[in-house]
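The values are calculated or read from the model by the stated rules, or taken from the named source; none is laboratory data. Given the structure is predicted, the values throughout are model-derived calculations rather than measurements. Positions of Cβ are backbone-derived with ideal geometry, glycine not excepted, and every protein chain shown enters the neighbour counts. What goes into the accessible areas is simple: the full protein's heavy atoms, side chains included, and nothing from ligands, DNA or RNA. Shrake-Rupley method; radii C 1.70, N 1.55, O 1.52, S 1.80 Å.
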Amino acid sequence: MARVGKNIKLLRTSRNMTQDDLAELLFVSRQTVSNYETGKSNPDIDMLVKIAAVLKTDPNSLIYGISKPQNRKKEWVRLCVAAGILTVLAAAVLILTPIAKEIGARRFLLTPSMLIGLVLKPCMFLLSGWVIMQAIFLIFGIKPLQQNCIKWIHWAIVGIAAAYFVIIGPFLIQNIYCSIVTYMGHRVHSDLNLGPVWNWLMMRLTIFSSRYSAVFIIAGIFLRATKLQRAAATQTSSREI
């Protein structure tokens with residue numbers, strides 16, 4: 001409670017109030033306010049609530065100090081950068097999709113379409129969810145909920161995303177290699193033959209990523225939301241310490 005007096009004085013002066021003004025609104029003497037600010041005495045809980053109401057703040061600000069405002073400019077920059085990357089990804093998908101279909105029809109090469117379906121589109125939809133949630137937080141000033149399970153949700157999404165790219169990695173490497181060799185007119189001698197089961201799995205993932213894109217958008221939303229909540233929880237913990 002040693003800092004309560006300093007915080008009261010800081011908030012009072014920031015609102016251009018004198019000790020007499022504050023004392024009158026609290027129905028106490030000026031000396032009582034002075035004792036609070038100098039640390040000679042401390043307000044009880046009820047008085048702390050009254051002081052917070054008069055100074056238009058919350059009791060936590062009187063106890064822990066005024067929290068530094070979030071660097072909204074930095075968050076807006078992140079949003080703009082993410083939106084720019086999202087625009088590039090969307091343009092790439094829009095432009096490359098018909099080209100990939102044409103290559104598949106003429107040369108029977110499905111690798112370009114698979115790259116779009118397995119990599120570009122999931123990344124685009126995942127980033128779309130992130131951008132949506134970031135914009136909501138900044139525009140409406142929504143504060144995150146404090147829940148113990150938040151970090152587990154965040155890392156579960158990160159783990160699933162990592163597992164997804166680990167699974168499709170060997171398949172994409174194999175198909176890119178085979179496509180390049182075939183395009184150059186040589187026979188394919190690949191040591192990365194993953195078998196029919198893996199090929200079937202990759203085809204299912206391609207269909208899933210194209211038909212159920214909302215899953216990636218929702219994952220992006222939760223990825224951003226849980227990241228913000230974790231940061232807020234960390235800040236709260238550091239205050240209590």
Scope segment 10-45; condition at pLDDT below 90, of a type outside the set (Val, Ile, Thr) and open to solvent by 70 Å² or more (accessible area, probe 1.4 Å); matching residues: 10, 14, 15, 16, 40, 42, 44
Residues satisfying the stated conditions in segment 64-123, i.e. in contact with a Ser or Thr (Cβ under 7 Å, 6 or more places away or on another chain) and in a helix (DSSP H, G or I): 86, 100, 101, 104, 111, 114, 116, 117, 118, 121, 122
Close pairs from segment 155-177: first touching a residue at least 40 places away in the same chain (Cβ under 8 Å), partner in a helix (DSSP H, G or I) and open to solvent by 70 Å² or more (accessible area, probe 1.4 Å), Cβ under 6 Å, at least 6 apart: 157/222
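Which of the residues spanning segment 70-116 are out of contact with any Gly (no Cβ under 6 Å at 6 or more places or on another chain) and of a type in the set (Gly, Ala, Ser)?
82, 83, 84, 90, 91, 92, 100, 104, 105
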Residue count for segment 93-107, restricted to those that are exposed (fewer than 15 other Cβ atoms within 10 Å of the Cβ) and closer than 23 Å to residue 126 by Cα: 3
Odd one out for residue 50, checked against (1) in contact (Cβ under 8 Å) with a residue 40 or more places away in the chain; (2) in a helix (DSSP H, G or I); (3) under 15 Å from residue 8 (Cα atoms); (4) basic (Lys, Arg): (1)
